[in-house]
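The values are calculated or read from the model by the stated rules, or taken from the named source; none is laboratory data. Being a predicted model, the structure only gives us computed values, none of them experimental. Reconstructed Cβ throughout: ideal geometry from the backbone, glycine too, with neighbour counts over all protein chains shown. The area values use the complete protein model at the heavy-atom level, side chains included, leaving out ligands, DNA and RNA. Shrake-Rupley method; radii C 1.70, N 1.55, O 1.52, S 1.80 Å.
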Amino acid sequence: MDLKQRYERVKAGLPGHVKLVAVSKLRSVEEIQALYDLGHRAFGENYAQELREKQQVLPIDIEWHFIGHLQRSNAKHVVGSSMIHGVDSEKLLDELDKRADQVRITPASVLLQVHIAQEETKHGFDASELQAVFDRSDPKTRWPNLAIRGLMGMATNTEDRDLVRAEFARLAWLFRSLKTRAGVRFDVLSMGMSDDADLAVAEGSTLVRIGTAIFGPRPKG
Ligand SMILES: *Cc1c(COP(=O)(O)O)cnc(C)c1O
């Protein structure tokens, strides 16, 4: 299969309301341009430096999603992205709020990452921690330059599909329970990658982040 066939197969497998972000980390500018030429506009990058380099040479109407683990020192570099998915601490929210204000990209759209996997290596708020953040203060008052648009999570990397599905179900439950407090614009649930997008969509994902199934096996970083 070539890029076009893989892309069309991925799209055909997604319901119309689910947004597709093509994960282009470690892919060349030419590969991204090729998918752009097929009409795709939303791309996801994991590394701040790589994102910046690609942004400078690729078309201006690309919608960039920052999906990697974000260090506070890099907040200023990614604050102009269309959406920042991996926000996993209040300190990072503080920093992004400050940077958004400085560069007048306000509100900047962010998703809060929740730790749902069994691996300790994955990042994110614990569910209880996140509820406490909302209990303590109104996010709109505390971070006026940010629009908290929803949640993001990554399931355990395992063959056990029941476990993956249960983790997504838990995240979807948390999303719905926070939504009633966070308001109408809290409408993005970013979950699902090449191997588990079907399960994520079945549990209510509104946005999937897919790399390998579109571009083929990823080059080593
Ligand atoms: C790399 C990556 C993806 C895409 O993974 P694939 O298995 O290639 O689809 C999705 N989300 C995040 C956060 C990633 O780092």
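Values for this structure:
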| quantity | calculated |
| --- | --- |
| Under-5 Å amide H pairs with residue 23, H placed in peptide plane, nonlocal only | 44, 210, 211 |
| 3J(HN,Hα) from dihedral phi, the stretch 186-196, Karplus parametrisation 6.51/-1.76/1.60, rounded to Hz, x for glycine, proline | 7, 9, 10, 10, 8, 8, x, 10, 3, 7, 10 |
| The stretch 1-128, dipole about Cα centre (Lys/Arg Cβ +1, Asp/Glu Cβ -1), debye to the nearest 20 | 220 debye |
| Tensor-based shape of the chain (alpha-carbon gyration tensor, a/c under 1.5 rounded, otherwise prolate or oblate) | oblate |
| Accessible area per residue in Å² at 1.4 Å probe, computed on the chain | 49 Å² |
| Cβ-based charge dipole, the chain, positive-most Cα from 139, 164, 124 | 139 |
| Gain on full stretching of the segment that runs from residue 166 to residue 82 - 0.36 nm per residue minus C-alpha separation | 27.3 nm |
| Karplus (6.51, -1.76, 1.60) ³J(HN,Hα), θ = phi - 60°, over the stretch 105-112, in Hz, Gly and Pro reported as x | 9, 9, x, 8, 8, 10, 10, 8 |
| Alpha carbon convex hull of the stretch 12-93, projected area averaged over orientations, nm² | 6.1 nm² |
| Residue-by-residue Karplus 3J(HN,Hα) for the stretch 131-146, coefficients 6.51, -1.76, 1.60, Hz, glycine and proline x | 4, 5, 4, 6, 5, 5, 7, 7, x, 5, 7, 6, 10, x, 8, 10 |
| Label-point separation in nm, residue 106 to residue 132, each point 7 Å along Cα→Cβ | 2.9 nm |
| Loop sites in the stretch 80-149: GluC sites (Glu not before Pro), DSSP, at most 15 other Cβ within 10 Å | 119, 120 |
| Structure-based [θ]222 nm, the chain - -39500 (n - 2.57) summed over DSSP H runs of at least 4, per residue, nearest 500 | -12000 deg cm²/dmol |
| Protein accessible area in the stretch 71-151, 1.4 Å probe - carbon and sulfur % | 44 percent |
